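Reviewing the structure listed below.
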Amino acid sequence: MAENLGCCEGFSTEDSTYAADNCGTNWNEQAAKKTKSYLDFTSFSRDGLIDHLLYEGFTSDQAEYGVTAVGY
């Protein structure tokens with residue numbers, strides 16, 4: 001989210017990071033939901049899921065949490 005706010009919306013890196021860190025979103029939960037949505041339409045390896053979550057802007061810890069939460 002911070003990256004999108006910075007590059008696409010014109011906010012500074014500092015402001016974007018602050019917004020992402022303080023918006024009240026549980027990013028681990030969002031990573032798990034995103035993982036489930038990917039698996040609902042196609043198959044992935046564990047590493048493929050993690051790579052895709054990283055591409056989407058999740059941190060490594062959030063990506064690991066997401067795939068583990070859905071049983072991968």
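The values are calculated or read from the model by the stated rules, or taken from the named source; none is laboratory data. Worth saying up front: this structure is predicted, and the values here are computed from it rather than measured. Neighbour counts are summed over all protein chains in view; Cβ atoms, including those assigned to glycine, are modelled from backbone coordinates with ideal geometry. To get the accessible areas, we keep the full protein, side chains included, count just its heavy atoms, and leave off ligands, DNA and RNA. Shrake-Rupley method; radii C 1.70, N 1.55, O 1.52, S 1.80 Å.
Take D47 and tell me if it is out of contact with any Phe, Trp or Tyr (no Cβ under 8 Å at 6 or more places or on another chain), surrounded by fewer than 11 Cβ atoms within 10 Å (Cβ to Cβ), acidic (D, E) and modelled with pLDDT of 95 or more.
Yes.
Among the residues of region 25-33, are any modelled with pLDDT under 90 and open to solvent by 50 Å² or more (accessible area, probe 1.4 Å)?
Yes; the residues of region 25-33 include at least one that is modelled with pLDDT under 90 and open to solvent by 50 Å² or more (accessible area, probe 1.4 Å).
Are there any pairs with C-beta distances below 7 angstrom linking a residue in region 8-29 that is under 15 Å from D61 (Cα atoms) to a residue that is of a type in the set (F, W, Y) and surrounded by 13 or more Cβ atoms within 10 Å (Cβ to Cβ), with the two at least 6 apart or on different chains, and if so which?
Hits for this filter: W27/F58; N28/Y65.
Is there any pair linking a residue in region 52-72 that is without any contact (Cβ under 8 Å) to a residue 40 or more places away in the chain to one that is surrounded by 15 or more Cβ atoms within 10 Å (Cβ to Cβ) and of a type in the set (D, E, K, R), with Cβ under 8 Å and at least six apart or on different chains, and which?
Every condition considered, the pairs that remain are L53/K34; E56/K34; F58/K34; G66/K34.
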